[in-house]
Amino acid sequence: MRLTILGCAGSIPGPDTAASGYLIEADGFVLGLELGNGTLARLQALRDPFDLDALVLSHLHPDHCADFSALTVLRRYHPEAAQRTTGRLPVYAPTGAHHRLANAYAPDEDERAITDLSDTYQFHSLLEETVEIGPFEVTVVPVDHPTPAFGFRVCHGGRSLAYTGDTGPCEALDKLVRDVDVLLAEASWTDSPVRPPGMHLSGKQAAEIALRGGVDRLLLTHVLPWTDSAAVLAEADAVFPRAELVQQGAVYDV
């Protein structure tokens with residue numbers, strides 16, 4: 001598997017850094033994971049966005065799905081869209097995403113009445129289960145966030161990648177990440193007892209999860225633009241010495 005970072009800023013895009021967005025590839029299949037603010041621009045800079053074979057959205061906060069509306073414009077109105085798509089794009093997202101994303105795309109009542117996105121996408125509700133998406137086996141688990149949100153374990157060819165999505169520490173993460181080759185973990189801020197619970201991980205908490213799970217490699221993402229990323233990495237590295245901060249545009253072989 002190959003992981004590409006389209007964007008890695010947390011909660012909002014940062015200076016010259018898009019919000020959450022990733023590609024996971026194997027056997028010629030391109031799986032999009034998140035499509036936050038600015039990620040479609042980054043995708044176009046790296047490859048043809050029509051290469052996407054499926055899209056997974058962990059939850060529906062804008063920093064993880066804001067560019068879905070831009071993708072809709074591209075797939076509907078690009079002059080060669082009919083020739084460059086093979087049908088509706090499969091989208092795996094929380095229940096109700098169909099309606100919420102349609103409202104984001106067409107907030108006017110008259111336009112929304114004729115815009116349900118079903119011409120462009122095939123929606124699948126995320127459930128706590130294991131599903132096959134292209135060549136990938138994807139295990140889905142609910143995590144701890146203020147809105148319905150999920151983490152994922154993606155397996156292919158004997159290799160495994162876990163992604164926390166946005167979450168506070170929870171039992172589900174320990175099960176999800178156990179013995180994975182790579183853990184892509186959000187680390188929004190530095191560790192502090194005054195952080196609100198059930199929202200995000202600190203660098204230290206992400207590293208503790210990786211250590212308990214016997215993870216081979218820890219990649220940190222979703223650092224807030226106003227957070228000291230060096231401090232996040234330092235506290236993670238003190239617990240899990242192989243921790244790394246991802247960079248936009250970076251490519252990792254899993």
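The values are calculated or read from the model by the stated rules, or taken from the named source; none is laboratory data. A quick note: this is a predicted structure, and the numbers were derived from the prediction, not measured. All Cβ positions, even for glycine, are placed from backbone atoms using ideal geometry, and neighbour counts span all protein chains on display. In case anyone asks, the SASA skips ligands and DNA or RNA and just uses the protein heavy atoms, side chains included. Shrake-Rupley method; radii C 1.70, N 1.55, O 1.52, S 1.80 Å.
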Q: As a check on your grasp of the helix formula, calculate [θ] at 222 nm for the chain: sum -39500 (n - 2.57) over DSSP H runs of n ≥ 4, divide by the residue count, round to the nearest 500.
A: -7000 deg cm²/dmol
Q: Using packing as a proxy for protection, rank 157-170, 219-232 so that the peptide with the highest average count of other Cβ atoms within 10 Å comes first.
A: 157-170, 219-232
Q) If you add up the charges near D253, with Lys and Arg at +1 and Asp and Glu at -1, over every other residue whose beta carbon is less than 12 angstrom from its beta carbon, what do you get? A) +1
Q: Please tell me the relative contact order of the chain in percent, rounded to the nearest whole number, where contacts are Cα pairs under 8 Å and at least six residues apart.
A: 18 percent
Q: Give me the number: length gained by fully extending E137 to A104, i.e. 0.36 nm times residue separation minus the C-alpha to C-alpha distance, one decimal in nm.
A: 8.9 nm
Q. To the nearest 10 square angstrom, what accessible area does E244 show with a 1.4 Å probe?
A. 60 Å²
Q.
List residues of region 139-159, by number, whose backbone nitrogen lies under 14 Å from a label position 7 Å along Cα→C-beta of D179.
A. 158-159
Q. What's the local net charge at A9, with K and R +1, D and E -1, over the other residues with C-beta under 12 Å away?
A. -3
Q.
Quick check: net charge around W189, other residues with Cβ under 14 Å of its Cβ, Lys/Arg +1 and Asp/Glu -1?
A. -3
Q. Highest mean first, what order results for 57-64, 75-82 on Cβ atoms within 10 Å?
A. 57-64, 75-82
